[in-house]
Amino acid sequence: MADLRTTLVGHTFRNPLWLASGIWGESGNSLKGAWEAGAGGVVTKSIGSQPRMGYPNPTVVTYEKWGMLNAMGLPNPGIEEYPQEIGIARSAGAAVIGSVFGADAEEFAQLAARMAATGVLALELNLSCPHAKGLGSGIGQDPDQVREVVRAVKRAVKIPVIAKITPNHYDVASLAQAAESAGADAISAINTVRALAIDVRLRRPVLAHGLGGLSGPAIKPIGLACVWQIYERVRIPIIGIGGIEHADDVIEYVLAGARAVQLGTAVAFRGIGIFSGLAKELSERLDALKVHRLEEIVGGAHTTATPQ
Ligand code: SIN
């Protein structure tokens, strides 16, 4: 059977299939459940300084084939309450990555230090939520602010720092380069793509917030292009996100340059059973392709093609 282990951010993960932030990871038990179901790593819901209710309903629109549109508004219990949840997941042996969001470098650094103190193995900085004013991509679309946030967080913590990058920018790789230049240890790409659904009868947006973020199969080609472009411009590892459901989706992301991937919408639609099923499917597919170790083929498509 092909070896699915992958090493990044100073840790060898048992497989490259991580639970993405925000889908299943709000409570310690849900993180634990995803780990026990076979995820290679689990990323928490993005946590802020204070508890936050998020936006009123409706917050989600689902599309049968393409995926999901959401604007939850970063609901979370706040950093004060969250360490006990991480404790539950860690006591099950889970490889936990703590996601945080803030309004500026100082808030990110304070939160990062508190999240690091919970014993997570790495941090993921949410620089990419596409619709929360002054947060997420409100900061993460500006390379200077990305640099400032990552630099402040790196000064505040000793654990590895992953910058989660928005696709809603004309030069996504420049955001990754800014994060790398400030000391980021890895890049997650991508978060959701800004999008909208309109109710024709009511003549208004379906989501209470109006704009939302699109995820799922529809955005896989966008995620792949971003990972591809980032791989050409940074040396730190990349974690691919966007529309991953099947073994070939994972392999495409790895060939584009990812060392691991995150699953979000597929978990929302199919449940956490997807992790063990996909790991098996991935091993079998790699065997059929005569690939012995997943890590052998990271960035492999760059050596055989010359895209524009
Ligand atoms: C949300 O809570 O609205 C989504 C978070 C994100 O896209 O990062």
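The values are calculated or read from the model by the stated rules, or taken from the named source; none is laboratory data. Values in this document were obtained by computation on a predicted structure and should not be read as measured data. Here the Cβ positions follow ideal geometry from the backbone for every residue, glycine too, while neighbour counts run over all protein chains shown. These area figures cover heavy atoms from the full protein model, side chains too; ligands, DNA and RNA do not enter into them. Shrake-Rupley method; radii C 1.70, N 1.55, O 1.52, S 1.80 Å.
Between the range 69-130 and the range 8-24, the C-alpha centres lie 14 angstrom from each other. Shape class of the chain from the alpha-carbon gyration tensor: rounded, with the ratio a/c of largest to smallest axis under 1.5. Computed from the Cβ-Cβ distance with R0 of 41 Å, the FRET efficiency linking residue 133 to residue 297 stands at 0.50. The helix-only estimate of mean residue ellipticity at 222 nm for the chain, built from DSSP H runs of length n ≥ 4 each weighted as -39500 (n - 2.57), is -10000 deg cm²/dmol after division by the residue total. Each Cα pair under 8 Å and six or more residues apart adds its separation to the average, and for the chain the resulting relative contact order is 20 percent.
Taking Cα atoms of the range 240-308, Rg/Rh with Kirkwood Rh, to two decimals? A ratio of 0.99. Cα gyration tensor of the range 157-297, axes a ≥ b ≥ c as square roots of the eigenvalues: rounded (a/c below 1.5), prolate (a/b > b/c) or oblate? In terms of gyration-tensor shape, oblate. Could you let me know the centre-to-centre spacing of the range 26-55 and the range 232-275, using Cα atoms, in angstrom? With the range 26-55 and the range 232-275 each reduced to a Cα centre, they are spaced 18 Å.
An oblate overall shape is assigned to the range 197-277, the ratio a/c of its alpha-carbon gyration tensor axes (a ≥ b ≥ c) being 1.5 or greater and a/b not exceeding b/c. With the full set of protein chains in place, find how many percent of the accessible area of the chain is carbon and sulfur; take the probe as 1.4 Å. Roughly 52 percent, rounded to a whole number. Net charge near residue 129: determine it from the other residues with C-beta under 11 Å of the C-beta of residue 129, scoring Lys and Arg +1 and Asp and Glu -1. Around residue 129, the charge tally is +3. Within straight-line reach of residue 280, meaning a Cα separation under 27 Å, sit the following lysines at least 8 residues removed in sequence or on another chain: 32, 45, 65, 220, 290.
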